[in-house]
Amino acid sequence: MGTPTNIALRLFDIYNRQGFQITSELNSEHVYSDTYIFTRIYQNNRSQTHHLGIAMREVHFLESLCSLRDIRNIFVIGNSFAFSTFALALINPQAKVVAIEIGDEDFTAEWIDRTNRIAREEGLNITVIKGSSPENNADIINREFDGRIDLAFVDGLHTTAAVEADFESLIPFGHDETMFVFHDVLSFSLTEGLSRVVTRHPMDGRVFFATPSGMAVVQKTLPPNYDIFSETYGCSALVQIIINAYRAAKEEEEAKRRQALSA
Ligand SMILES: C[S@@+](CC[C@H](N)C(=O)[O-])C[C@H]1O[C@@H](n2cnc3c(N)ncnc32)[C@H](O)[C@@H]1O
């Protein structure tokens with residue numbers, strides 16, 4: 001049957017041919033747990049790591065986002081088992097993808113060389129480099145990209161301070177059309193760190209409520225069709241109205257509960 005050309009099928013196929021299995025987007029209502037939305041890797045039915053990959057819907061999100069610009073240089077912070085690294089390379093076959101991975105654990109360390117080997121076998125323009133963000137970012141970006149990135153995908157250490165430092169370290173290498181993309185912004189409450197950087201370096205920043213982790217995109221100038229992209233992935237006035245109405249109803253419910261308790 002040959003190699004699939006569709007990006008989702010190709011991603012799963014790459015892992016299968018290496019002796020791994022992947023699950024992604026298992027619906028909580030069907031599998032009785034909400035922890036299987038993100039991508040997991042297994043070997044002989046055994047889960048391999050707690051460092052989960054982005055959800056399949058987030059792969060589609062990146063595919064739509066990347067369709068808006070001509071992207072040549074992609075820098076990824078946090079490789080784990082390379083799900084987002086492979087996805088970005090498959091989505092952008094014209095681009096060079098470089099990922100930094102700290103490799104603190106045996107699993108993530110092994111996947112540095114393994115990703116590079118698989119990328120060669122699959123004909124993907126990927127290099128994963130062992131290093132720590134933000135300390136090593138400037139050296140790598142200068143060496144690998146001549147100091148210019150078109151898209152950064154930040155998915156390393158998930159604290160407000162770490163994301164702020166990651167983002168700040170990337171600013172000198174961005175240009176007017178660079179897209180800075182952040183994973184897990186809502187699920188790890190990272191908006192504060194991002195907002196501080198956007199205050200120092202004014203840019204458009206949006207959070208997308210139709211992505212499972214609540215991803216954010218920050219950029220100086222907006223590409224054509226960004227409004228329809230935003231609406232498609234849950235960043236619109238309508239979504240804000242829905243959230244506000246839900247919050248108001250929740251607050252009212254809570255106020256009534258307190259009143260009943262104190263009566
Ligand atoms: C959530 S996982 C990344 C998942 C990956 N982006 C994907 O979707 O397939 C986070 C990764 O970031 C790495 N990491 C954590 N802190 C880091 C740092 N300071 N520099 C580089 N990598 C880091 C971890 O070792 C881990 O592999």
Name the residues in the stretch 132-160 that are of a type in the set (D, E, K, R) and surrounded by 13 or more Cβ atoms within 10 Å (Cβ to Cβ), would you?
-> GLU144, ARG148, ASP150, ASP155
Tell me which residues, restricted to the stretch 130-140, are touching a residue at least 60 places away in the same chain (Cβ under 8 Å) and more than 10 Å from the ligand (Cβ to nearest atom).
-> ILE140
Residue ID - farthest from the chain's Cα centre (by Cα), chosen from residues in the stretch 103-122 that are part of a loop (DSSP other than H, G, I, E, B) and within 24 Å of SER24 (Cα to Cα) | GLU105
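Residues checked against (1) over 21 Å from PHE20 (Cβ atoms); (2) buried (at least 20 other Cβ atoms within 10 Å of the Cβ):
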{"residue": "PHE61", "(1), (2)": "yes, yes"}
{"residue": "ARG69", "(1), (2)": "yes, no"}
{"residue": "ILE74", "(1), (2)": "yes, yes"}
{"residue": "GLY78", "(1), (2)": "no, yes"}
{"residue": "ALA82", "(1), (2)": "no, yes"}
{"residue": "ALA87", "(1), (2)": "no, yes"}
{"residue": "ILE91", "(1), (2)": "no, yes"}
{"residue": "LYS96", "(1), (2)": "yes, no"}
Residue match in the stretch 64-79 (condition: part of a helix (DSSP H, G or I) and within 13 Å of the ligand (Cβ to nearest atom)) | no
Within the stretch 2-46, restricting attention to residues that are aromatic (Phe, Trp, Tyr) and under 22 Å from the mean Cα position of the chain (by Cα), which residue is farthest from THR115 (Cα to Cα)?
-> TYR36
Those residues of the stretch 24-45 that are touching a residue at least 12 places away in the same chain (Cβ under 8 Å) and exposed (fewer than 11 other Cβ atoms within 10 Å of the Cβ) come to a total of 1
Kindly provide the set of residues from the stretch 36-49 that are more than 9 Å from the ligand (Cβ to nearest atom) and assigned to a loop (DSSP other than H, G, I, E, B), ordered by number.
-> TYR36, ILE37, ASN44, ASN45, GLN48
Candidate set from the stretch 84-129 (those that are within 24 Å of SER67 (Cα to Cα) and charged (D, E, K, R)); member that is nearest to the ligand (Cβ to nearest atom) = GLU122
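Okay, residues lined up against (1) buried (at least 18 other Cβ atoms within 10 Å of the Cβ); (2) touching a His at 6+ places or on another chain (Cβ under 7 Å); (3) over 30 Å from ALA161 (Cα atoms):
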| position | (1), (2), (3) |
| --- | --- |
| LEU194 | yes, no, no |
| PRO202 | no, no, no |
| LEU238 | no, no, yes |
| LYS256 | no, no, yes |
Which of the residues that make up the stretch 146-158 are within 13 Å of the ligand (Cβ to nearest atom) and either assigned to a helix (DSSP H, G or I) or touching a helix residue (DSSP H, G or I) at 6+ places or on another chain (Cβ under 9 Å) (or both)?
-> ALA152, PHE153, VAL154, ASP155, GLY156, LEU157
Please find, among THR232, THR199, the residue that is touching a residue at least 60 places away in the same chain (Cβ under 8 Å) and either under 23 Å from GLY53 (Cβ atoms) or among the hydroxyl-bearing types (Ser, Thr, Tyr) (or both).
-> THR232
Could you tell me whether the stretch 159-171 includes any residue that is away from the ligand (no atom under 13 Å from the Cβ), over 24 Å from ASP104 (Cα atoms) and in contact (Cβ under 8 Å) with a residue 60 or more places away in the chain?
-> no
Taking ARG143 and the conditions (1) more than 17 Å from VAL217 (Cβ to Cβ); (2) within 15 Å of the ligand (Cβ to nearest atom), which numbered condition does it fall short on, given that it satisfies the others?
-> (2)
So, of the residues in the stretch 204-231 that are assigned to a helix (DSSP H, G or I) and of a type in the set (Ser, Thr, Tyr), which turns out to be surrounded by the fewest Cβ atoms within 10 Å (Cβ to Cβ)?
-> SER230
Matching entry among PHE188, PHE145 (being closer than 24 Å to SER67 by Cβ and not small (Gly, Ala, Ser)) = PHE145
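None of the figures in this text is laboratory data; all of them are computed from the coordinates on show. All of these numbers come straight from a predicted model, not from anything done at the bench. So basically every Cβ, Gly included, is an ideal-geometry build from the backbone, and we count neighbours across all protein chains shown.
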